[in-house]
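The values are calculated or read from the model by the stated rules, or taken from the named source; none is laboratory data. Here the structure is a predicted model, which means the values were calculated and not measured. Quick reminder, even Gly has a Cβ in these numbers, built from the backbone with ideal geometry, and neighbours come from all protein chains shown. Note: areas computed on protein heavy atoms with side chains; ligands, DNA, RNA excluded. Shrake-Rupley method; radii C 1.70, N 1.55, O 1.52, S 1.80 Å.
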Amino acid sequence: MVIREKAESDAAACLELLLEVHRKDHYPLHITAGQVPEFLESGHEAAAWVAEEDGRIVGHVALHTPPADPTLELAGARTGLPLDGLALLARLFVAPSARRTGLGRTLLRHAAAQAPALGRRAVLDVGQTLASAVALYEAEGWSRVGELHLPLDEETMLDLWVYVSPPAGAQ
Ligand SMILES: CC(C)(COP(=O)(O)OP(=O)(O)OC[C@H]1O[C@@H](n2cnc3c(N)ncnc32)[C@H](O)[C@@H]1OP(=O)(O)O)[C@@H](O)C(=O)NCCC(=O)NCCS
């Protein structure tokens, strides 16, 4: 198992993996399969990594640095850090066949550990129904600092928990 920076040539394999995750877990929430490519490409990606096993991509995580974002605003208010002192850890997903082997934890720790190199602390949001991800963040000592309810349309609400990473050196 290797964790390495994502390359442009990984795009198709990452999309294929996320489509598999979307079929199984409905993550990303509240979007159709046809919207998954745009979701994967969106979000002001500052850095991203993939996990590769035997030449196959089995995991992905990114750090995003949007200029404005409700999660960053909430995390900034709770931590006292400026928005440009925070990075959104995003697009974390692991192949169903590779789950519960510690890969999600490894990707989470890897990305959070890289945030200080950008002068930032990692924070994230997670759909409240994504129980595996919530369990991972809790197990890893991330702190839940609030919640967001973002209307996607007249009928659909995106309900999120917002977490901040453990202080540097805590893990
Ligand atoms: C969330 C996700 C990345 C976890 O990946 P993973 O490789 O299976 O996680 P790990 O094996 O590293 O799990 C580490 C710890 O997290 C917790 N955990 C992870 N999945 C869990 C589950 N299904 N139930 C309970 N606890 C879980 C456990 O504490 C686990 O430690 P343990 O296996 O020693 O008990 C994966 O389930 C996934 O891709 N889900 C769909 C996409 C998603 O929801 N992404 C998050 C977007 S915010």
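Just a few scattered comments:
- Note on region 112-160: semi-axes of the ellipsoid equivalent to its C-alpha gyration tensor, largest first and rounded to whole Å, are 25, 15, 8.
- Approximate spin-label separation ALA68-GLU53, in nm, with each point projected 7 Å along Cα-to-Cβ: 4.2
- Remark: region 67-144 is approximated by an ellipsoid whose semi-axes, taken from the C-alpha gyration tensor as √(5λ), come to 23, 14, 10 Å, largest first.
- Heavy-atom accessible area ranking, 1.4 Å probe, most first, across ILE57, ILE3: ILE3, ILE57
- Pairwise label distance in nanometres, ALA113 with HIS30, each label 7 Å out on the Cα-Cβ vector: 3.5
- Computed from the C-beta positions of SER97 and HIS44 and an R0 of 45 Å, the FRET efficiency is 0.90 to the nearest 0.05.
- Length-normalised contact order of the chain in % [C-alpha pairs under 8 Å, at least 6 apart]: 19
- Pair-distance distribution of the chain: all C-alpha pairs, bin width 10 Å, starting at 0; shares per bin in whole percent are 10, 40, 39, 11, 0.
- Spatially, region 63-88 and region 23-45 are offset by 22 Å when compared through their Cα centroids.
- Helix-only [θ]222 nm of the chain, DSSP H runs n ≥ 4, -39500 (n - 2.57) each, per residue, nearest 500: -9000 deg cm²/dmol
- A Förster distance of 25 Å, applied to the separation of the beta-carbon atoms of GLU20 and LEU152, puts the FRET efficiency at 0.60.
- Net lengthening on full extension, ILE3/LEU81 (0.36 nm per residue, minus Cα-Cα): 25.2 nm
- Beta bridges per DSSP with both ends in the chain, % antiparallel, nearest 5: 90
- Which of LEU74, LEU89, GLY104, positive extreme of dipole for the chain (C-beta unit charges): GLY104
- In whole angstrom, region 1-74 maps to an equivalent ellipsoid with semi-axes of 21, 17, 10, each derived as √(5λ) from the alpha carbon gyration tensor and ordered largest first.
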